[in-house]
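The values are calculated or read from the model by the stated rules, or taken from the named source; none is laboratory data. Please read these numbers as outputs of a predicted model, since none were measured by experiment. Every residue, glycine as well, gets a Cβ built from its backbone with ideal geometry; the counts of neighbours run over all protein chains shown. Remember, those area values only see protein heavy atoms, side chains included, never the ligands or the DNA or RNA. Shrake-Rupley method; radii C 1.70, N 1.55, O 1.52, S 1.80 Å.
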Amino acid sequence: MQGLRKWKLGRIATMGMVAVLLAGCKADEVEIDLAIEQLKAVAAGEEVTAEFEAVFSNIGELDDEQRAQVGAVEDILTQYMSVDDFELERTDLGFEVTVEGELPVLGVDRADHAYYLSVTESASLPGYHRVSFETGDDFARMEGEMSAINFMLSPDAYHPTKFRLDGRSSSVLAPAAEVNGRSYLLYDAPLEDRVRLIQKGGAFDSTGAGFFVRLDG
């Protein structure tokens, strides 16, 4: 009985470490670089991509089996996303995975891509475009393949997100955003150079981050 208990505890510990492989597959933060000119290009029907960086971290070490699972996750991720760099590093307290790549920026509200940015005219705010972080039809397939490695590796659909928005616009509206260390129920201001919008937690865990912007300036 004691041996069985030790086996169970060891297996739980192993599964727990695998579960935190990518911090439960929720990023500490996904940073997305965007420019107003890119959004205007999408609105005009052009194909655009935006650079992103996602960082996942957790306390603890990975054994060889778990490192192999990290490699398997990387292989799946590169099949569904444009990944330029996938780096696993040790930290003082554990490990950190950094993923860098590009997201398609599309003028549609539905797409095949696992992850993408949607830029569409707002139905509720005339004169504005809605920019939102979305999952597409491929997300379910990617999720299924990662879960097949280990059921606890199922990726989160949405993550804490920072938009780095550069350019000029007469108005940017961002609900429940943090800007320069200050939190806003509704951030509402013109864009004269650049702004950093952080959205996380609460409803964003279910809907994904996003904002509204005028592109007529």
Inset, instruction - From Gly107, Gly101, grab the single residue that is open to solvent by less than 30 Å² (accessible area, probe 1.4 Å), out of contact with any Leu (no Cβ under 8 Å at 6 or more places or on another chain) and of a type outside the set (Val, Ile, Thr). - result: Gly101
Legend entry - In segment 82-113, the residues that are in contact (Cβ under 8 Å) with a residue 40 or more places away in the chain and either of a type outside the set (D, E, K, R) or over 30 Å from Ile36 (Cβ atoms) (or both): Glu96, Val97, Thr98, Val99, Gly101, Leu103, Pro104, Val105, Leu106, Gly107
Inset, instruction - Looking only at segment 37-95, count how many residues are among the β-branched types (Val, Ile, Thr), at pLDDT below 85 and part of a helix (DSSP H, G or I). - result: 1
Legend entry - Selection count where residues are open to solvent by less than 20 Å² (accessible area, probe 1.4 Å) and of a type in the set (A, V, I, L, M, F, W, C), scope segment 78-98: 2
Inset, instruction - Check segment 140-157 and report whether any residue there is in a helix (DSSP H, G or I), of a type in the set (Ser, Thr, Tyr) and open to solvent by 30 Å² or more (accessible area, probe 1.4 Å). - result: yes
Inset, instruction - Could you figure out which of (1) open to solvent by less than 70 Å² (accessible area, probe 1.4 Å); (2) under 23 Å from Gln38 (Cβ atoms); (3) over 20 Å from the mean Cα position of the chain (by Cα) isn't true of Tyr184? - result: (2)
Inset, instruction - Quick one: which residue in Arg130, Arg67, Arg90 is of a type in the set (Lys, Arg) and under 27 Å from Ser206 (Cβ atoms)? - result: Arg130
Inset, instruction - Would you check which residues across segment 160-191 are at pLDDT 95 or above, outside any strand (DSSP E or B) and of a type outside the set (Gly, Ala, Ser) and list them? - result: Pro160, Arg168
